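J.: Attaching a single structure in structure tokens format; questions to follow.
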Amino acid sequence: MNPHEQHADDLALYALEALRGEERAQIEAHLATCASCRLELEQLRGDGALLALSATGPRAPQRARQRLLDAVAREPRIAATSPAAGTGRIAPQMEARGPGWWGWLGWAATAAVLLFAASLWRENSALKQNLASTTAQAAEGAQQMEELRRIAAPILEPEAQKITLVAAKAPPQPQGKAFYLRSRGSLVFLASNMPPLPPQKAYELWLIPASGAPIAAGVFKPDAHGSGSVVNPPLPPGTQAKGFAITVENEAGSPTATTPILMIGTGE
Amino acid sequence: MVMGLKSGDQGAMAQLYDRYSSVVYSVALRVLGDTGAAEDVLQEVFLQLWRNPSAFDAARGSLGSWLAVITRNRAIDFLRKRRPETDLEDVVLSVSPDLAGEAERSRAAEKVRGVIGAMSPSQRSALEMAYWEGMSHSEIADKTGEPLGTIKTRIRAGLICLRKAFQP
């Protein structure tokens, strides 16, 4: 199968992401209609992969493995949020979903629920021990309790920052509340009234440090009620947060913010 | 292992890391030249796979090669402080050799280095500037003083050279 010769060189550059501007747009428009060129693009990317494999060097430091596995263990499975309603675009005006749910009473109720859940877990662990549970069950219970403490700490600790994020434009306002405990690098973020997103897009939360570039702090998609959350994303411990912000990115997230800031909040 | 990721199996992620972290880290370090930044890209690539295991489809290519390409792209984005230009799901590639194992990758890497070494200096240079430094063809043309068309042709010819070396 022969690719169109006039596109051959540009395809190779496109495969290496070395094509910019108008030429990139032209080749993308062509690829949308040409199966043979799409196949050639796959081949060219494979050729590039061979080039990548020629790289040699030291192995990653051992800490990198544990860092990843710790992050994976903390990473919530975002199965609770349903895919965005298929409107195909973000509504220009934010739709009111009612006042009160995520008002101040809502935050207090959430903290109360977490406290109650933590006490239930503590009681459950004690009962298990009394029933002569195995060492593995006791260890599992202790881990779950510790995990709940970590989740609750940014909400409950006196020194935790509580930052309210509001949309930059007209009401009704999406709301976000970030509970951040710097000493542990622990963050709980709760959002409400968020507009639905197109497929394959997600909201991304950013920690804005006192200096330096914003740090990715997790992605979420709003559920049918416009609510979403991020719980303990991997963050460098001890990072001082000047504030938090929200952008819209591809659903896998982005290492750098690629769209205008939709919401922002600075520390109290 | 990717199926394990889809079901939230953290052990599967550990296995994937053990098998492919050397490729990912090597590529990131080659692009960035900084161990800290390379480690950050390593984390990001595997975390993105954990968050979105469906981005890779085993029917569409080999995971090792896919990870190498994703890593190179993300490292270049980091190096040039630019937004990612291609979604993970859109990176589809086909590779002739089977690169599932460490031994196969090592043999392939040796062969690739041989092919690159046999290229003309100008072709090797253009290809490496495009691939490892993320330079556009116009930037390469400006730097080398060569015509745009020549740079484009050299880069494509370099990739085709690699492909032919692995064709049966």
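Laboratory data are not the source of any read-out in this text; all were calculated from the coordinates shown. Keep in mind it's a predicted model, so treat the numbers as computed, not measured. Glycine gets a Cβ as well: all are built from the backbone with ideal geometry, and neighbour counts include every protein chain shown.
J.: Assuming a ≥ b ≥ c are the square roots of the Cα gyration tensor eigenvalues, decide whether the range B:102-168 counts as rounded (a/c under 1.5), prolate (otherwise, with a/b larger than b/c) or oblate.
T.: On the way: a/c = 2.68, a/b = 2.11, b/c = 1.27.
Cα axes put the range B:102-168 in the prolate bin.
J.: Order these by the 10 Å Cβ neighbour count, fewest first: A:45, A:67, B:156. Please report the intermediate quantities before stating the final value.
T.: Working: A:45 27, A:67 17, B:156 21.
Ascending Cβ contact count within 10 Å gives the list A:67, B:156, A:45.
J.: Next up: Need one number: nm distance between label points at residue A:73 and residue B:9, each 7 Å from Cα along Cα→Cβ, rounded to one decimal.
T.: A separation of 2.0 nm, rounded to one decimal place.
J.: If you average the C-alpha positions of the range A:195-259 and of the range A:48-63 separately, how far apart do those two centres end up, in angstrom?
T.: 29
J.: With +1 on the Cβ of every Lys and Arg and -1 on the Cβ of every Asp and Glu, and nothing else charged, how large is the dipole of the range B:99-168 about its Cα centre, in debye rounded to the nearest 20?
T.: 320
J.: Which distance in nm do the two modelled labels at residue A:124 and residue A:145 give, with both placed 7 Å along the Cα-to-Cβ direction?
T.: 1.3
J.: So, R0 is 41 Å and r is the distance between the beta-carbons of residue B:57 and residue B:133; what FRET efficiency does that work out to, to 0.05?
T.: On the way: r = 30 Å, r/R0 = 0.72.
Efficiency, from the Cβ-Cβ distance: 0.85.
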